[in-house]
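K.L.:
Shown below is the structure under consideration.
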Amino acid sequence: MSPVSDIQQRHFRWLDWLRTRDRGLVALRRAGRTALVMPAMFAVGDKVIGNPFTATFAAFGSFALLLLVDFGGPMRDRLRAQAGLALLGGGFVCLGTLVSRSTVLATAAMALVAFLVLFAGVVSSVLAGATTSLLLAFILPVSLAGPISSIPDRLAGWGLASGASLLAIALLWPAPAKHPLRGPAVAACRALAARLRSEVAQVLGGDARPSVEAYDAAIAQANAAVGALHQAFFATPYRPTGLSTTARMIVRLVDELNWLNAIVVQSPPLRDGTPMSRPACSVKATAASVLERGADLLDVRGGQPDALRGAVGELRAALARLESGDTLRLPPRGAGDGPAGPAVEDRIGKFITSLDPSFRAQELSFVVLQIASNIDLAAAAERRTWIARLLGRQPTGLVETLSAAQERAGAHVDRHSVWLHNSVRGAVGLGLAVLVAKLTGVQHSFWVVLGTLSVLRSNALSTGQNAVRGLLGTVAGFVVGAAIVALIGTNTTVLWFLLPLAILLAGLAPAAISFAAGQAAFTLTLLILFNILQPAGWQIGLVRIEDIALGSSVSLVVGLLFWPRGAAASLSTALAGAYADSVRYLASAVQFGMGRCDLATPSRPAPTDEATSAAAASRRLDDTFRGYLAETGAKPVPLAEVTGLVTGVAGLRLAADAVLDLWQRDDAAGGDRAAARSELLASSGLMVDWYTGFADSLAGRGEVPEPLGHDELADGRLIEAVSHDLRREDGTASATAARMIWTGDHLDAARRLQGLLVGPARAARAARAARAGGNAELELG
């Protein structure tokens with residue numbers, strides 16, 4: 001083997017190892033850009049302009065704008081977000097300098113800015129991803145006290161870094177357009193469409209009937225595609241969506257596609273010899289077409305909006321045929337059948353069984369139409385002119401961007417919100433760090449605040465763990481840096497050559513090696529940087545250790561005071577609130593429908609407030625779950641079961657959405673349906689009682705209840721109550737009767753969901769009991 005080929009093999013092995021640690025080489029891309037730009041901007045400020053303020057802000061501005069943030073999406077959107085970050089950061093540089101000479105103002109301003117920046121991240125993933133960069137843009141000027149006259153020099157340095165970052169993002173190893181959810185959503189739509197077609201062919205039989213292996217493969221592919229989408233959704237510590245219309249629409253698909261897959265799972269193909277519903281098969285086939293056309297339109301390669309809308313029209317027509325009543329007839333009375341008795345009960349039982357395929361098709365069509373609507377709105381938003389985008393004009397039927405932002409932020413103005421907890425803790429922690437740094441008069445107060453920011457985590461335990469790792473990394477970086485400085489002495493030329501390598505390592509080490517390695521490399525970078533500005537030797541490293549220790553202590557104290565239990569304990573509270581709000585929404589939707597089923601009943605307003613509360617609770621749960629996933633440490637309950645509890649909330653909400661949609665189509669009809677209303681309201685009350693008890697058990701206020709059984713007698717009473725509607729003069733059923741029966745089916749779907757929830761809930765309580773020796777609140781981590 002030649003020396004060249006041996007070197008190549010080692011290179012490829014190293015690259016393969018790096019890819020396993022740094023997926024997509026994202027960290028390497030950011031670190032490489034920063035290693036080129038940061039020394040260059042530092043050199044311009046130090047050697048060309050000759051101003052230490054300009055040099056410092058140019059260097060750390062490059063660090064903040066290139067290494068600490070990585071916007072996704074098309075290049076145009078990335079540059080727009082980067083420019084917005086640069087402008088807002090420039091404002092923070094001015095504000096931080098203005099208050100930097102007053103301890104009181106600096107502390108108050110740091111706390112206020114930190115809270116606003118951290119809490120604003122709940123509105124958009126763009127803001128969430130830029131949080132650390134924005135905080136650094138304020139921490140640097142507020143920590144380095146300076147007169148108002150220094151603002152132009154500082155802004156010049158930040159401006160150099162901003163301009164260089166825009167060029168670097170566009171020209172230096174441009175990242176491909178990233179769509180964290182778009183690709184998986186397209187794959188899930190197509191896989192579910194293939195599964196539906198396979199199921200229809202399995203039911204109808206004939207030459208097109210797939211083999212058992214092909215059918216099983218379609219099921220496996222659909223499950224894998226939906227699982228991949230769900231995994232991509234929870235792969236970041238914040239919702240992977242911005243305020244753009246397209247991003248907001250795509251993120252809605254996650255719950256809908258996941259629940260659609262659950263509906264298909266609950267609807268196995270009919271066995272040979274079992275009566276089949278051709279209208280239901282027609283609905284499923286056209287639903288598959290809608291999913292395929294939607295996937296084409298959602299694909300980055302593009303599709304035709306008219307094709308999707310045409311498929312939606314076909315699905316609505318098939319659904320209308322399903323609702324026409326042809327499948328909703330009681331079997332004919334047998335001779336001698338009385339108004340009650342075994343024959344009637346058997347007849348009703350057969351009828352209820354025959355309704356199941358029709359309901360499954362109706363339930364499926366509702367979710368598919370929701371999916372199609374979201375995809376159509378996303379495509380319409382992308383077709384807007386640049387003027388419409390600039391003015392924020394939304395497609396018809398979509399809430400404005402500002403309203404969407406207010407809705408998201410409003411969902412977290414709640415004492416149980418994890419995002420609010422983190423924002424308050426971060427604000428207090430960084431404000432306290434500035435206060436401590438100012439009062440102690442440490443030489444480099446900037447590192448006290450930065451140390452607080454770098455190790456502050458979601459609970460006191462992990463804060464302490466990161467503090468230890470941060471200090472160990474800092475000591476290691478100091479030892480290496482001190483040795484280098486001792487060998488080189490005051491030869492700054494060599495330091496200039498070492499600076500890019502140190503920056504590259506500082507950017508790559510946290511992803512490829514560990515947090516402590518990143519701290520070590522960052523400390524080495526600072527030693528080199530400050531020894532170029534003001535040669536002081538290894539003593540700078542000692543100052544850095546002192547400052548990081550001080551900052552870590554602040555973060556640990558704040559963690560103990562403000563949230564000692566972390567996200568795992570708060571997840572139980574968020575789950576309980578989400579289930580309680582969602583079942584209230586379901587009950588309100590049923591009550592709304594019962595007010596529209598006949599003219600004798602006073603109508604009720606649509607449950608808008610209940611829907612908003614349920615959506616807000618779901619958002620809080622989503623962010624709590626992300627915090628739970630991000631926390632280190634053992635999780636005694638399998639992640640799949642915890643995820644099942646979280647996704648169950650979406651299923652309950654979608655059932656409520658379906659009931660509401662069912663009754664919003666027409667006005668009240670004539671007739672007396674008091675008996676049917678009573679049955680449905682009683683069933684709704686049972687759901688409220690069960691899920692309220694389940695929510696209490698999640699919060700540690702009782703045992704996990706047993707799932708409710710299927711009440712066939714109640715089904716029979718409902719059928720009898722609307723039987724006159726099922727035998728109109730033309731022999732078909734009325735739409736009102738169909739909707740009342742399907743409302744009962746949606747309630748039964750909420751009942752069936754209970755069986756999937758009690759197992760994980762009991763496992764969590766058992767884990768808690770094993771660790772604490774008692775039946776305390778839900779323990780998930």
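K.L.:
Could you please give the count of residues in region 23-36 that are over 16 Å from Leu495 (Cα atoms), open to solvent by 10 Å² or more (accessible area, probe 1.4 Å) and in contact with a helix residue (DSSP H, G or I) (Cβ under 8 Å, 6 or more places away or on another chain)?
P.N.:
Total meeting the criteria: 6.
K.L.:
Right, Arg389: surrounded by fewer than 19 Cβ atoms within 10 Å (Cβ to Cβ), modelled with pLDDT under 65 and in a helix (DSSP H, G or I) or not?
P.N.:
So Arg389 fits the description; yes.
K.L.:
A further question on this structure: Can you find even one residue in region 161-182 that is open to solvent by 20 Å² or more (accessible area, probe 1.4 Å), under 15 Å from Ala59 (Cα atoms) and not in a helix (DSSP H, G or I)?
P.N.:
Looking for residues that are open to solvent by 20 Å² or more (accessible area, probe 1.4 Å), under 15 Å from Ala59 (Cα atoms) and not in a helix (DSSP H, G or I), one finds none in region 161-182, hence no.
K.L.:
Take region 739-781 and flag every residue that is open to solvent by less than 40 Å² (accessible area, probe 1.4 Å), over 17 Å from Ser570 (Cβ atoms) and modelled with pLDDT under 75.
P.N.:
Ala769, Gly774
K.L.:
Is it fair to say Ser198 is among the hydroxyl-bearing types (Ser, Thr, Tyr), without any contact (Cβ under 8 Å) to a residue 40 or more places away in the chain and open to solvent by less than 30 Å² (accessible area, probe 1.4 Å)?
P.N.:
It is true that Ser198 is among the hydroxyl-bearing types (Ser, Thr, Tyr), without any contact (Cβ under 8 Å) to a residue 40 or more places away in the chain and open to solvent by less than 30 Å² (accessible area, probe 1.4 Å).
K.L.:
While we're on this one: Report whether or not Arg626 is buried (at least 16 other Cβ atoms within 10 Å of the Cβ), modelled with pLDDT of 80 or more and over 20 Å from Met687 (Cα atoms).
P.N.:
No.
K.L.:
Continuing with this model, one more query. Looking only at region 408-443, count how many residues are assigned to a helix (DSSP H, G or I), among the hydrophobic types (A, V, I, L, M, F, W, C) and within 22 Å of the chain's Cα centre (by Cα).
P.N.:
Residues in region 408-443 being assigned to a helix (DSSP H, G or I), among the hydrophobic types (A, V, I, L, M, F, W, C) and within 22 Å of the chain's Cα centre (by Cα): 6 in total.
K.L.:
Right, another one. Test each condition in (1) part of a helix (DSSP H, G or I); (2) open to solvent by less than 50 Å² (accessible area, probe 1.4 Å) for Val69 and report the one that comes out false.
P.N.:
Val69 satisfies every listed condition except (1).
K.L.:
So in region 630-645, with the set limited to residues that are outside any loop (DSSP other than H, G, I, E, B) and surrounded by 21 or more Cβ atoms within 10 Å (Cβ to Cβ), which one is modelled with the lowest pLDDT?
P.N.:
Ranking the qualifying residues of region 630-645, first place goes to Val642.
K.L.:
When you scan region 92-109, do you find a residue that is crowded, with 22+ Cβ neighbours inside 10 Å and farther than 17 Å from Phe57 by Cβ, even just one?
P.N.:
Yes, region 92-109 contains a residue that is crowded, with 22+ Cβ neighbours inside 10 Å and farther than 17 Å from Phe57 by Cβ.
K.L.:
Now for a separate question. Looking at this structure, is Val104 under 23 Å from Val69 (Cα atoms), among the β-branched types (Val, Ile, Thr), modelled with pLDDT of 90 or more and not in a loop (DSSP other than H, G, I, E, B)?
P.N.:
Taking the combined requirement at face value, the residue does not satisfy it.
K.L.:
All but one of (1) in a loop (DSSP other than H, G, I, E, B); (2) under 30 Å from Val93 (Cβ atoms) hold for Leu155, so report the exception by its number.
P.N.:
(1)
K.L.:
What are the residues in region 476-530 that are among the hydroxyl-bearing types (Ser, Thr, Tyr) and at pLDDT below 75, if any?
P.N.:
Passing the criteria: Thr490, Ser514, Thr523.
K.L.:
In addition: Give the residues of region 35-71 that are among the small types (Gly, Ala, Ser) and more than 16 Å from Trp173 (Cβ to Cβ), sorted by residue number.
P.N.:
Hits for region 35-71 are Ala43, Gly45, Gly50, Ala55, Ala58, Ala59, Gly61, Ala64.
K.L.:
Mind checking whether some residue in region 152-165 is modelled with pLDDT under 90 and among the aliphatic types (A, V, I, L, M)?
P.N.:
The answer is no; no qualifying residue exists.
K.L.:
Same structure again: Considering every residue within region 62-72, establish whether at least one is out of contact with any Gly (no Cβ under 9 Å at 6 or more places or on another chain) and of a type in the set (Asp, Glu).
P.N.:
no
Yes/no matrix, rows are residues, columns are (1) part of a helix (DSSP H, G or I); (2) at pLDDT below 85; (3) among the hydrophobic types (A, V, I, L, M, F, W, C); (4) more than 32 Å from the chain's Cα centre (by Cα):
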site	(1), (2), (3), (4)
Val26	yes, yes, yes, no
Val37	yes, no, yes, yes
Met41	yes, no, yes, yes
Asp46	yes, no, no, yes
Ala58	yes, no, yes, yes
Gly73	no, yes, no, no
Leu79	yes, no, yes, no
Gln82	yes, no, no, no
Gly91	yes, no, no, no
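K.L.:
Sticking with this one: Can you tell me which residue is modelled with the lowest pLDDT among those in region 198-218 that are in contact with an Asp or Glu (Cβ under 9 Å, 6 or more places away or on another chain) and in a helix (DSSP H, G or I)?
P.N.:
Tyr215
The values are calculated or read from the model by the stated rules, or taken from the named source; none is laboratory data. All of these numbers come straight from a predicted model, not from anything done at the bench. Please note: Cβ atoms are built from the backbone with ideal geometry, for glycine as well, and neighbour counts cover all protein chains shown. We work out accessible area using only protein heavy atoms, side chains counted, and drop any ligands, DNA or RNA first. Shrake-Rupley method; radii C 1.70, N 1.55, O 1.52, S 1.80 Å.
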